[in-house]
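What follows is a short report on a single structure.
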Amino acid sequence: MKRVTRRTRARWLPAAMALAALLLLLLPATLEGALAAQPSPARDDELAHAHARLPAREWTAIRNVIDAQRRALRAGDAVRAFSFAAPGIQERFHDAATFAAMVQQAYAPLLDARSAEFLEGGVVEDKTLQPLRLLMNDGTVLVAIYEMRKDDAGRWRIAACVIAPSTVRSI
């Protein structure tokens, strides 16, 4: 098993962010509808500076929203968890119970992970993406990639999430 260093992470992070953007662009209309824009190749210099497009306080707020939703879901507080979803997701699922059932079925790793670690987020193709590394009980490592959007009140909300396997294994 390979140990991931900062140097290794720096090499694969731009590719992972581009892949995350591509995954979110190609998602079927499961959350907020199909995304109309076709992906275009992101330039390396844009990816290298993607994190800098938002101030640190915004990344903190984004991470707080994701963490709060995960805590609410794990505690069985569907109403609180639903409150962190973007308006389009709330419209699609109509109520907290339906939303929580969908998460339990389709996003079980978010609830079952023995630990989670935020990775460096970025803005790719005008999408704010925040990856979260999930370490599962069997040693499997997954990455949940959240697309975040601000609502009309300027609060960060979760607009989409894709869970993908990682090339990293736990030690």
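Observations
- Residues located in the range 116-135, provided they are touching a residue at least 12 places away in the same chain (Cβ under 8 Å), part of a loop (DSSP other than H, G, I, E, B) and out of contact with any Lys or Arg (no Cβ under 7 Å at 6 or more places or on another chain): 120, 121, 125
- Across the range 62-106, the qualifying residues are those that are surrounded by fewer than 17 Cβ atoms within 10 Å (Cβ to Cβ) and within 17 Å of residue 118 (Cβ to Cβ), and the one among them that is modelled with the lowest pLDDT is 74.
- Number of the condition not met by residue 158 [criteria: (1) under 21 Å from residue 53 (Cβ atoms); (2) more than 17 Å from the chain's Cα centre (by Cα); (3) not acidic (Asp, Glu)]: (2)
- Odd one out for residue 110 among (1) surrounded by 21 or more Cβ atoms within 10 Å (Cβ to Cβ); (2) modelled with pLDDT of 90 or more: (2)
- Residues of the range 91-115 that turn out to be within 20 Å of residue 141 (Cβ to Cβ) and either free of Cβ contacts under 8 Å to residues at least 12 places away in the same chain or not in a helix (DSSP H, G or I) (or both), as a count: 6
The values are calculated or read from the model by the stated rules, or taken from the named source; none is laboratory data. Values in this document were obtained by computation on a predicted structure and should not be read as measured data. Don't worry about glycine lacking a Cβ; one is built from the backbone with ideal geometry, like all the others, and counts go over all protein chains shown.
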